[in-house]
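Take a look at the structure below.
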Amino acid sequence: MDQHNHPNPVSVIKAENGIAVIQIDNPPVNALSHAVRLGLKQAIEQVEVDESIKGAVLHCLGRTFIAGADIKELGKPPKQPYLPDVIAYLDACSKPLVSALHGTALGGGFEVAMGCHYRVALPQARVGLPEVKLGIIPGAGGTQRLPRLIGQEKAADIITSCRQVKMTEALEIGLIDALIDENDLLEGAKSFLIKQFGTGEAPVSISKRPIMETNEESYASLKAKVTKRTRGQISPIKALESIDNAATLSFEEGMAAERAIFLELASSDQAAALRHAFFGERTIAKVPGLENIDPRSVTDVAVIGAGNMGSGIAAAFADAGYSVTVVEMSEAGLEQGKGRVAGIYQGGVKRGKLTQEQAERKIASFSFTTQLADLSRSDLVIEAVFEDMQVKKDLFTNLQSVVGPDCILATNTSYLDINEIASVLEKPENVVGLHFFSPANIMKLLEIVDAEKTAPEVLATALAVGKKLRKIAVIAGVCDGFIGNRIWARNRQLLEFFLEDGAEVEDIDKAMLEFGFPMGPYSVFDLSGLDIAWAQRKRKKTSMKPAERYVEIPDLLCEQGRLGIKAGKGWYDYEDGSRKPQPSSEVAKLVASERVRKGISQRKLSSEEIQKRVLAGMINEGCKILQEKIALRPVDIDMVLLNGYGYPVWRGGPMFAADQLGLADIVRTLKEMEAEYGEGWEVSPVLAACIERGMKLAEWQCTE
Ligand code: 3HC
């Protein structure tokens, strides 16, 4: 139903036995818009004054209970009635109220539920307070009522993890009062209320209850863990502060303090960035031109090549419910592949995510073969074989005579030209890139590469598959590195310039850690091994323009066998099998001698300068990607960096940051960089065009 069919999205329906139903109908997710808050306030007033009503059930139509405040309204000046006040009406209602939960009762939605005297739910429902993920804290009593309901430690866990709690746990810890097993939630909730009437006990609202006891020691340790894990992000720490208030302040004082923090954070840069990430994840799925195209049906998937990447891809598909066949060309390769797939699930058992029996069932669900002929029924085949053009062309040529005419042939290549791979086929329109990130069953990002001849239907199918895999699927065009690796390669080059110009490895890592990346880039290079990039560098060097600056240091490191952690040495030293990086005097010496050889006079770079240039470099490459129509929109680029490259989500992504910081400032930094670094570092004309037209980069359309 359309939203404008609901002038008042809240209605009060009188039922039998003196029970009224307060019904909310605000599709798609019953968010607490201004109209809903107003309607809810009026509904409670009606329940209060109508003497024929003895109690009420709060129930939502559609796919879910209230999914929270309306995120579109956050960051704008709030309009009365404010949510905490509406919930205060529920809380103070003299007649018992029960909220009937289905779908997801999240954020303000669960705060409304906690404003009621009781909560009942369908077994599949989930509840949670994910506000921290949006850069705010629960702002309608969540941090004050939840500790009263379940104690500070459990409240802090739920609020800072943003997790959705399943009903078995919710019942066990007291988040809900009863599960409704019948199909009819509303009838079940009414029966629950009638039973409560029978007990003769007056309901006690949560605000009047004392705070539940908590284990001080484990609460302190949880707080320490959260502080470490969420480094750089403000909202989790502020949420903890507000939860602490629940124990030291009165309910009213705690609510006032919570509100003050909420309002301050709602208009913060971090909250704006996190809202951008929330809506960005949803925007990327909406691809102009594909809205009305039906995807092909995909059930049988084959993965060719069972190395680390291939087995991860296979597991990702199996976990999403596809029927998966794994192909290796030799029996020995197949045995190793079986071992890798089994290893993924046995790892799950070790981490307590799966039982042994579940793991065995999973492993048994895969088919393994060495024969391409076994793929005749496949709907989608993904190759994850050796990164070599001829190998891939031969494989696809052989495949086309085996599979059906509608089978999609996907390549997981990171760098090769997919147009060239597709060129050997009779049906190049069936070829698409599916670029997974390792470990493919865990990493959220999937780049869907739209080759020159890829059919829209194939692209729509890839998007539907990405959604089923629960990936953040971003469409990219064909170029060296697509969106993510292309920006990253440019960034890597910049990090090498910093080194050669005078910064030390540790200084650069420290600057990037401070920026919010989970690890310093040089530590990451050591972790992944320097030899893969070495091969790419050699390939790239051949196509570089003569004037382009090239830093030899990484190659020299590889020549000395400093290949990263696996070799016990890379950019750092790793003593006695330890994975802890220690600054290396050998590397420092090598870097110093390269500076001398090239006649570079060393200059110190501050963390701030490193961060500023890294960001500007990413924005510039992102703009070049937009201009070449490799990405559809700036937001697509942000989603790639947030979900595949550890860019701190609370910064929203480089393209978002460009608008936040101001394009003129970015251009100034880029001009300095262009003057210093020369060829390849020209400022993208997209930035100048935006400045000239007075528009934000976010408004850039790739149709321009
Ligand atoms: N406000 C506004 N729009 C919302 C919304 C919200 N709280 N939640 C979802 N939507 C929109 C989405 O943007 C999407 O719109 P679109 O179709 O135009 O793209 C549509 O509703 C459907 O959402 P999904 O595609 O995400 O649908 P799913 O079924 O996959 O997921 C969901 C449903 C689990 C409810 C998911 O949407 C979700 O997690 N929503 C956000 C929940 C949340 O963070 N709530 C807290 C809000 S802050 C708050 O409550 C502050 C309070 O403490 C004062």
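The values are calculated or read from the model by the stated rules, or taken from the named source; none is laboratory data. If you're wondering where the values come from, they're calculated on a predicted model, not measured in any experiment. Cβ atoms come from the backbone with ideal geometry, glycine included; neighbour counts cover every protein chain shown. Calculation scope for accessible area: heavy atoms of the full protein, side chains included, ligands and nucleic acids excluded. Shrake-Rupley method; radii C 1.70, N 1.55, O 1.52, S 1.80 Å.
Some notes on this structure:
- Exactly one residue out of Ile472, Ile487, Ile483, Ile508 is crowded, with 18+ Cβ neighbours inside 10 Å and touching a Lys or Arg at 6+ places or on another chain (Cβ under 6 Å): that is Ile472.
- In the range 182-216, residue surrounded by the fewest Cβ atoms within 10 Å (Cβ to Cβ) [restricted to those that are over 39 Å from the mean Cα position of the chain (by Cα) and hydroxyl-bearing (Ser, Thr, Tyr)]: Thr199
- For the range 92-126, the set of residues classified as within 11 Å of the ligand (Cβ to nearest atom), open to solvent by less than 20 Å² (accessible area, probe 1.4 Å) and either assigned to a strand (DSSP E or B) or in contact with an Asp or Glu (Cβ under 8 Å, 6 or more places away or on another chain) (or both) consists of Ala105, Gly107, listed by residue number.
- Where helices (runs of 4 or more DSSP H) fall wholly inside the range 174-274, the ranges with 1 or more residues that are over 17 Å from Ser161 (Cα atoms) and of a type in the set (Val, Ile, Thr) are 185-199, 235-248, 251-266.
- Selection of the range 408-420 for residues being in contact with a Leu (Cβ under 7 Å, 6 or more places away or on another chain) and either touching a residue at least 40 places away in the same chain (Cβ under 8 Å) or in a loop (DSSP other than H, G, I, E, B) (or both) yields Ile408, Ala410, Asn412.
- Residues of the range 306-319 that are open to solvent by 10 Å² or more (accessible area, probe 1.4 Å) and not in a helix (DSSP H, G or I): Gly307 alone.
- Residue in the range 387-403 that is β-branched (Val, Ile, Thr), within 28 Å of Gly484 (Cα to Cα) and touching a residue at least 24 places away in the same chain (Cβ under 8 Å) present: no
- Close pairs from the range 529-543: first at pLDDT 80 or above, partner open to solvent by less than 100 Å² (accessible area, probe 1.4 Å) and not in a helix (DSSP H, G or I), Cβ under 6 Å, at least 6 apart: Gly529/Leu563; Gly529/Gly564; Leu530/Leu563; Leu530/Gly564; Leu530/Gly570; Asp531/Leu563
- Residue within the range 77-91 that is among the small types (Gly, Ala, Ser) and either open to solvent by less than 20 Å² (accessible area, probe 1.4 Å) or modelled with pLDDT under 95 (or both) present: no
- Selection within the range 73-85 - within 12 Å of the ligand (Cβ to nearest atom) and either over 27 Å from Arg282 (Cβ atoms) or free of Cβ contacts under 8 Å to residues at least 24 places away in the same chain (or both): Pro84, Asp85
- Residue match in the range 134-142 (condition: over 28 Å from Thr199 (Cβ atoms), in contact (Cβ under 8 Å) with a residue 60 or more places away in the chain and open to solvent by 20 Å² or more (accessible area, probe 1.4 Å)): yes
- From Ala631, Ala664, Ala658, residue being over 27 Å from Tyr522 (Cα atoms) and open to solvent by less than 30 Å² (accessible area, probe 1.4 Å): Ala631
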